[in-house]
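Contents: one structure, followed by commentary.
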């Protein structure tokens, strides 16, 4: 049961491979021997000599933000768990990678599973957790087998299971496979799925995972890449790690670039190290010959789309430390959480979808609308009814049945979803419609008027 | 108050600009409702968990602004200033906290409701004219109140199964379902019979029972009550009557000792349905199906309508029937017995006892009805007023003695009030031996067939009075419909009999009966029908009672 | 983890639960141990194991799993119809899942799906929603083809998951060759 051979291209000079350092090595395979040969499980050994709170402090100091999409500071999340509250704690690794445009965890799971396991055992030790699950989407069937196998290997060597490396700390890890639902990427939905129920997201409050998580016990849900970073924070030291990124966004980020670029793929870059323009033109080789850039979705399909010629007014820190207004072009937008937030979008899962001038925006939005209509769990009214409605409107528009009121209706339906649903899926399905309409109104008006 | 009762702290909440106090633990929607601000909702039900799925109860919520040293910022009026959250919150799942503010009718809130209403309606079928829910449909009501009043949905609606037979008493129309999940939660949380669920997903989500299974719980019809739309309808009531024609009467269920509170829905002297009435001391919001459906006999054409005296041409008039009954009852002093019923009201039992003493008879009893019970709302006592019969001394345990007396001929005169004597260990042949058999009843049976004087009485739905449930709670019955033909209230029949056998002064109202009853019964001291109210009163009854 | 195997032709007429072997039960018992806190958590793994063994999950399977986990059949039925990976009826020996979402669609996945359909003799326009139904399957029972949402391989679009194997950068020309590998 081996994955297909995968060869990573040599790194671009701007890249800094930490997560993908091992995978970049020629001949690197997912076995534990190879992992150990490359320094594997050394961070775990170091962690077991530390106090759990020291590890949490290190993660806080590293400024690591979650890599799943919401971007919550990881150390802060962990500190919600009270070490000695007498309750069982759980960690659930979110390997349900399903935000369109995102494809990084796939490679970690298939090619470097021990990196994840090492990060997970450290995380478990830090949060006094003895039972963890790695939730892997079923569309990665080989990865599930590879990770299972890696857990067995790690158990045999004393890195997982009872009395890990003689420390007295126990942690069991199991793989749990999904069954084809985007909603399971939402952390509370994922917990419901893991509990064997229909994966309906829970209402927050009161069901914050850190308080009432898996089996109503304090639970950490972290993305695959996020958990892997923990190992490197200990290896490099939190200061060194934080320094790679921007003040609020430490370490490296794996940017996944797809769509109309010459070299699509994923690139591990220090957070905030490149602009969108550098990413597209320097690193990904630019657009195909003769094409012009039209639009970019910068952080997974839910992130608001940016238009190529857009100019954003943002506030930045001036030389004297005062905030000053500045105008930036779309290509000059720095790829970090703060800048993308300030231009009205988000870094999200760092899945960058690039569209050139051959793409029709109604068509692109319809593709996403169909995705969200298919993936809405149907629990709450606005998303259940609204996502399919939006999809029906854009489909009808493309089929030549556009009506003059369509853009306005679309806009209003999206406005009636965002902010009014049980979970963030409401925003996820409304933002594409809201932003495509705002950025490309003329295309929607034109298609609506077409007969 | 017991000294150990912990005091629940009161919290200050600003509801639409006015500061109010509510106990800690109150849900925000309840705080709004208690303040007189109705918050529309579908999925929220006070007796079920809050999934927060319908999003109809979205409100604006704010918390007190705090100074850096965590003190509330006070406004010009000296009251805390509220920092309003930009996002609406669901009031059903939000618990109040100190200084919380809520706006139930701001432009944002109205916009949210309009949006949710529109979403709920776009795939809803347009069969309101033939829908049984019409008149009590929350979708219709809120649509008028909070909707847009126009449709801009030009797409094809989602198709789902209609008119499905999902249980012996229930029909499901999935196109009408708004996926609030109340019925699913009721079956899981209250009825403990997990047969309902959602299949498929997104806009195609469909309520169903597992193939081959049936929603056949004896509590299934409660799902019809709590369904806010016409998705779940009762086969018994389907197309029977438009609900706006129904007159609702508050009374109690008489099928067992629980005394569940109910509403009788009737029109022009015909009962069309029975639904549960909330009483947290007794039945919460629920009743068993077999109890709620056990009313058709009241409407029966077989009902006894006229008094009859054996050997005289029917029908006879009441004064003649009473006179004949009194004559017969007086004929065999010392050989007269009385079988009353623990299905009678306290007032009737009280007068029955008086009648017995006026006749000088000490031989009387009621028929006990022990049964299995279901551990929930069906009690182990099939009689609704055993407690009353015990309290008033009618339950003597001498039924076997009476039966033996009838059999041996020692008893020559028997008065039977609302019971089938053959259920009391007396054979039909033995009944024939009696000199006199005076019977009150509502439907023909073996006893009424052999009556020497037959006195047609009122059913439980046709009378007022009180009963005491198995837990010692006294509750009121009320008249929903009037009795057929000449049939009369039992208490009036008994009063007339007492007078006719040479007894007491006249009583003219049920209130007076209760007054005398209360005066003679220490456990009821100080009570009146008015004080018992719609929800009843717990009696401090001693163990022996 | 083994993926979808051949649909047992007998499965349509016989109850799958009648074919449960002691080895199968032992494997199930082992899976349940992964969830020491709540057996119900084993619902998805058991459904996977069942489908991998029998090719689909029929009603006897739903009932068997529910009984094994001390649940009601509706609890499992709710899952089988929610998750598109599960099906209550047999699918083809080879299931071709073509990614439909944006990056793949931009790279031609609609044409790719159409070509797969015509290569195995299926109507490219046949609609399929999941909800427990098997995807459109060729008359000889060899192939099923369906669109699925994002397979998380947008950098090598268009892609298709064929049984357990991801095929990347699929071109219309390469499709007969790919189908040939699974004939």
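Points to keep in mind about this one:
- Inter-centroid distance (Cα atoms) of segment B:15-66 relative to segment B:415-461, Å: 56
- Largest first, the extents of the alpha carbon coordinates of segment A:361-449 on the three principal axes equal 35, 21, 19 Å.
- Considering only chain C, percent of DSSP beta bridges that pair antiparallel, nearest 5: 50
- Only Cα sites of segment B:379-510 enter the Debye sum here, all with the same form factor; the resulting log10 I(q)/I(0) across q = 0.14, 0.18, 0.23 1/Å is -0.76, -1.22, -1.46, listed in q order.
- Segment residue B:280-residue B:157, length gained on full extension (0.36 nm per residue, minus Cα span): 40.2 nm
- Reciprocal of mean inverse Cα separation for segment A:252-356 (Kirkwood radius, Å): 13.7
- Packing-based order for C:167-176, C:44-53, using average beta carbon neighbours within 10 Å, highest first: C:44-53, C:167-176
- DSSP beta bridges in chain A [antiparallel fraction, %, rounded to 5]: 50
- Legend: translational diffusion of segment A:21-244 by Stokes-Einstein, Rh = Kirkwood radius over C-alpha pairs, 10 °C, 1.306 mPa s; D = 92 µm²/s.
- Gap separating the Cα centres of segment B:150-173 and segment A:39-114, nearest whole Å: 46
- Computed label-point distance, nm, for sites residue B:374 and residue B:443 using a 7 Å Cα→Cβ extension: 2.0
- Remark: B:492, B:313, A:445 ranked as B:313, A:445, B:492, counting other beta-carbon atoms within 10 Å and listing the fewest first.
- Kirkwood Rh and Cα Rg combined as Rg over Rh, evaluated for chain A: 0.97
- Rounded D (µm²/s) - chain C, Kirkwood Rh over Cα pairs, Stokes-Einstein at 4 °C, 1.567 mPa s: 75
- Antiparallel DSSP beta bridges within the protein assembly as shown, percent to nearest 5: 60
- If the Kirkwood radius is taken over C-alpha pairs of segment B:296-355, then at 25 °C and 0.890 mPa s the Stokes-Einstein diffusion coefficient equals 175 µm²/s.
- Exercise: per-residue mean of other protein chain Cβ atoms within 10 Å, C:126-132: 3
- Cα→Cβ-extended label distance, 7 Å offset, between residue A:152 and residue C:24, nm: 2.2
- Protection proxy ranking, peptides A:47-56, B:416-425, average beta carbon neighbours within 10 Å, highest first: B:416-425, A:47-56
- Segment C:9-82: C-alpha gyration tensor shape, a/c 1.5 cut-off, then a/b vs b/c: oblate
- Other protein chain C-beta atoms within 10 Å of residue C-beta, averaged over B:108-117: 3.
- By the Cα gyration tensor, segment B:1-65 has an equivalent ellipsoid whose semi-axes, rounded to whole angstrom, run 24, 18, 10 from largest to smallest.
- Relative to one another, the C-alpha centroids of segment C:43-104 and segment B:465-505 are positioned 63 Å apart.
- Annotation: the residues A:171, B:227, A:74, sorted from fewest to most other C-beta atoms within 10 Å of their own C-beta, follow the order A:171, B:227, A:74.
- Ranked list, fewest to most other Cβ atoms within 10 Å of each Cβ, for A:375, B:136: B:136, A:375
- Shielding by other protein chains, C:151-164, mean Cβ within 10 Å: 6
- Per-residue ellipticity at 222 nm computed for the protein assembly as shown from its helices equals -9000 deg cm²/dmol, with DSSP H segments shorter than 4 residues left out and the rest contributing -39,500 (n - 2.57).
- Computed packing ranks the peptides B:294-302, B:23-31, B:359-367, B:343-351 as B:343-351, B:359-367, B:23-31, B:294-302, most packed first, by mean other Cβ atoms within 10 Å.
- Taking all Cα pairs closer than 8 Å and separated by 6 or more residues, the relative contact order of chain C comes to 22 percent.
- Whole-number Å³ per residue for the convex hull built on Cα positions in segment B:10-105: 106
- Kirkwood Rh (inverse of mean 1/r, distinct Cα pairs), segment B:91-235, angstrom: 16.8
- Where only alpha carbons of chain B are counted, the Rg and the Dmax (Å): 28.7, 97
- Cα gyration tensor shape for the protein assembly as shown, rounded if a/c is under 1.5, else prolate or oblate: prolate
- Chain B: relative contact order in percent, alpha carbon pairs under 8 Å with at least 6 residues between: 10
- Kirkwood hydrodynamic radius of segment B:308-538, from the reciprocal of the average inverse Cα-Cα distance over all distinct pairs: 17.8 Å.
Read-outs: derived from the displayed coordinates by stated rules, not from any lab. From a predicted model like this one, the values you see are computed outputs, not experimental measurements. All Cβ positions, glycine included, derive from the backbone under ideal geometry; neighbour counts span all protein chains shown.
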